[in-house]
1. Which fully enclosed strands (runs of 3 or more DSSP E) of the range 11-114 have 2 or more residues being surrounded by 14 or more Cβ atoms within 10 Å (Cβ to Cβ), within 19 Å of the chain's Cα centre (by Cα) and not acidic (Asp, Glu)?
2. Filter the range 128-149 down to residues that are over 26 Å from Glu234 (Cβ atoms) and either surrounded by 22 or more Cβ atoms within 10 Å (Cβ to Cβ) or of a type in the set (Val, Ile, Thr) (or both), then give me how many there are.
3. Please determine, by comparing only the residues of the range 256-272 that are among the hydrophobic types (A, V, I, L, M, F, W, C) and open to solvent by 20 Å² or more (accessible area, probe 1.4 Å), which one is nearest to Glu243 (Cα to Cα).
4. Working only within the range 93-114, note down all residues that are out of contact with any Ser or Thr (no Cβ under 7 Å at 6 or more places or on another chain) and of a type outside the set (A, V, I, L, M).
5. Quick one: which residue in Glu282, Glu293, Glu276 is of a type in the set (D, E, K, R), in contact with a Ser or Thr (Cβ under 9 Å, 6 or more places away or on another chain) and at negative phi?
6. Taking the condition open to solvent by less than 10 Å² (accessible area, probe 1.4 Å) and either assigned to a loop (DSSP other than H, G, I, E, B) or not hydroxyl-bearing (Ser, Thr, Tyr) (or both), does Leu275 pass?
7. Residues of the range 190-221 being surrounded by 15 or more Cβ atoms within 10 Å (Cβ to Cβ) and modelled with pLDDT under 95, which ones?
8. Just to check your reading of the model, which residue among Lys92, Lys84 is charged (D, E, K, R) and modelled with pLDDT under 95?
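The values are calculated or read from the model by the stated rules, or taken from the named source; none is laboratory data. Keep in mind that what you see is a predicted model, and the values were worked out from it rather than measured. Here the Cβ is made from the backbone with ideal geometry for all residues, glycine too, and neighbour counts use every protein chain on show. Ligands, DNA and RNA are excluded from the accessible area calculation, which covers all protein heavy atoms including side chains. Shrake-Rupley method; radii C 1.70, N 1.55, O 1.52, S 1.80 Å.
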Amino acid sequence: MNLRGRSFLSLLDYSPEEIRYLLDLSHKLKKEKAARLFPERLKHKNIVLIFDKASTRTRCAFEVAALDEGAHVTFLSNSQMGKKESLEDTAKVLGRYYDAIEYRGFGQQIVEDLARFSGVPVWNGLTGSDHPTQVLADLMTIEEYAQKPLNQIHLCYVGDARNNMGNSLMIGCAKMGMAFTAVAPRALWPNEDLTAQMLALAKSTGAKISFSESLDAVAGADAVYTDVWVSMGEESQFAARIELLEPYRVTMELMQKTGNPDVLFLHCLPSFHDLETVVGREVFEKYGLKEMEVSDEVFRSRHSVVFDEAENRMHTIKAVMVATLSE
C-alpha cells in the first residue's frame, strides 16, 4: 500500500484498510527492533518536531523512531511561529529545510494549516481534539493481548469522553469495526457532530457506538480505557471536574463489573494514580484525593498494559514515518 507523501493528521483521513496496513507495519517494525535490525529506511531524511505542549512519550517516541530509521531530528520549541512570523510563512520555510514536520500543541487547525502550506508530510503528535498516533498504539496493544480480532473487541472509555482521547478512540473503533462505549456524564460525551459521523460510518464497518452514564455499561468489555480528568490548559476546572468525574474513577470494582477476568486496562499517560507527582500532591492537599481517574490498585494490576501501550507509541509512530516518508 502506497502512503508516501501523505500527512497523518487524523484517523478520519485514513481508510480501515490503510489503518490495518499501519498496524501490520507497526508489528513488523517492533519485531525488527527486538532483533536489532535497523534498515535505515529514512537515511538522509530531516524531520522537525514542533512542540507547543510538554511531552515525554511523544517526543521520545518520535526521536528514537526517527534515529532508528536513520533520520536526523530537530526539536523546535521556541520558534517564531504565530509570534513574529505567521504560521503560513513558517510552514513554507520549514518545508524548504525538512522532509517532514511533526506538531504537538493546541488547535487542530494548526496542524491542518502546516500540512496545507509546507508541502511536506505533517504528523499530528497531539492536538486538543485529536491524538491519532496514540490510538494506533492503543489498537496495537489490544491486538498483542486479545485472543480475537479487533472487530470482535468491545472497548469502554470511562471518564472525560469529550476530550481528544474520547473522540480519537471513537474514530479508531468506528474505522476498525469495533464496539465503543463512552461511559461518562452526559455533559462529557464525545463531540456530537463527530458522533453522528461515526454512527454513519459504523453502518459500513460493523462497529457499534454507544453512550451511557451508568457504570454497568462496562459489562462484557475487553478493554477499559481512561484518561486524566483535566486536560492541559484546563487546570482552572479541577474542582468542577472532580465533582463530576469522581464516581467514574476506574477501580477494581468497576473492572469486575465487566465480567471479564482478562479485561485490559489502558491509559495514554501520564496518570494520577498516586501521590508521587507535584500535581497529585497538590490535588491531595486541596481536595483530599489520593488518586484520580484510576486507582493505584488497577494501575499496578495484571490488567494494566499501560507501559506496553507507551512502548508501542514508538513502534506505531515509526510505522507512520516509514509509510509516509520512505522512498
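1. Working: elements: 46-51, 72-76, 100-104.
Filter on the range 11-114 gives 46-51, 100-104.
2. Residues of the range 128-149 over 26 Å from Glu234 (Cβ atoms): 139-149.
Adding the requirement that they be either surrounded by 22 or more Cβ atoms within 10 Å (Cβ to Cβ) or of a type in the set (Val, Ile, Thr) (or both) leaves 139-142.
Of the residues in that region, 4 qualify.
3. Keep residues of the range 256-272 that are among the hydrophobic types (A, V, I, L, M, F, W, C), which gives 263-266, 268-269, 272.
Subsequent filtering for residues that are open to solvent by 20 Å² or more (accessible area, probe 1.4 Å) retains 269, 272.
Numbers: Leu269: 22, Phe272: 16 Å.
Per the stated criteria, the residue is Phe272.
4. Result: Arg96, Tyr97, Tyr98, Asp99, Glu102, Tyr103, Gln109, Glu112, Asp113.
5. On the way: Glu282 fails: in contact with a Ser or Thr (Cβ under 9 Å, 6 or more places away or on another chain); Glu276 fails: in contact with a Ser or Thr (Cβ under 9 Å, 6 or more places away or on another chain).
Being of a type in the set (D, E, K, R), in contact with a Ser or Thr (Cβ under 9 Å, 6 or more places away or on another chain) and at negative phi holds for just one of Glu282, Glu293, Glu276, which is Glu293.
6. When the stated conditions are applied, Leu275 does not pass them.
7. Pro190, Asn191
8. Working: Lys92 fails: modelled with pLDDT under 95.
Lys84 is the lone residue from the list that is charged (D, E, K, R) and modelled with pLDDT under 95.
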